[in-house]
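The values are calculated or read from the model by the stated rules, or taken from the named source; none is laboratory data. What you see is a predicted model, and the numbers here were worked out from it, not measured in a lab. When we count neighbours, we look across all protein chains shown, and the Cβ atoms used for this are built from the backbone with ideal geometry, even at glycine. We work out accessible area using only protein heavy atoms, side chains counted, and drop any ligands, DNA or RNA first. Shrake-Rupley method; radii C 1.70, N 1.55, O 1.52, S 1.80 Å.
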Amino acid sequence: MPDDLANRKRALRAELRERRRIMTSSEREKATELLTAHLSELVTRFDARYLAAYLSTPDEPNIRPWLNAAHEAGIRVLLPVSRDDGLLDWVLGDGETEREGQFGVPEAVGEVLGPIAINDVDLIVVPAASVDRSGIRMGWGRGYYDRMLGSMEQCPPVYAVVFDNELVDSVPTEVHDKPVDGVVTPSGIIDL
């Protein structure tokens, strides 16, 4: 990666982390409430009975109430477990039982199903640092989700979850960056 592109990504990620860090608890609570409703609407739209998502960290948009609701509704939810080789394994999660995984990211505990388990889901919900209006997702720099999306033969709809100000006109882009089909923000579902 050219130094300029790496520096632009690093600077944007730092800015996004800081914006997330200074959000008030009331702003976070309102965002969580709205995201839960929009993600539930997305599941209904795609009639998803089996989906892949993730356990959000304290700085990310909180999708945990939605995960709990999905589990209670009988929807099967795959949650990622990062591997040393840069791939993601998957666990059928209950949204509650977790441990700290690589890089301090929360990961579900359960029977590891392997990287290809995701090929059977109806919908994929991924984290992001930012997404641009053409659908290019910028993650936090480890490449796990780009590799996963790039390896799928037939990919179901993929939606990233971000705060409203993280849907931007453009993000620094590399060849390996994979697009998403849309974003879910506190303001709504945006198809890209």
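Among the residues of this structure, ALA73 counts as one that is open to solvent by 50 Å² or more (accessible area, probe 1.4 Å), over 30 Å from GLU18 (Cβ atoms), out of contact with any helix residue (DSSP H, G or I) (no Cβ under 8 Å at 6 or more places or on another chain) and among the aliphatic types (A, V, I, L, M). Candidates LEU51, LEU5, LEU35, LEU79: the one that is touching a residue at least 12 places away in the same chain (Cβ under 8 Å), part of a helix (DSSP H, G or I) and crowded, with 19+ Cβ neighbours inside 10 Å is LEU35. For GLY86, the conditions (1) open to solvent by less than 10 Å² (accessible area, probe 1.4 Å); (2) under 22 Å from GLY141 (Cβ atoms); (3) part of a helix (DSSP H, G or I); (4) of a type in the set (Gly, Ala, Ser) all hold with the exception of (3). Any idea which residue in the range 100-115 is modelled with the lowest pLDDT, counting only those that are open to solvent by less than 70 Å² (accessible area, probe 1.4 Å) and under 20 Å from GLY143 (Cβ atoms)? Top of the filtered list is GLN102.
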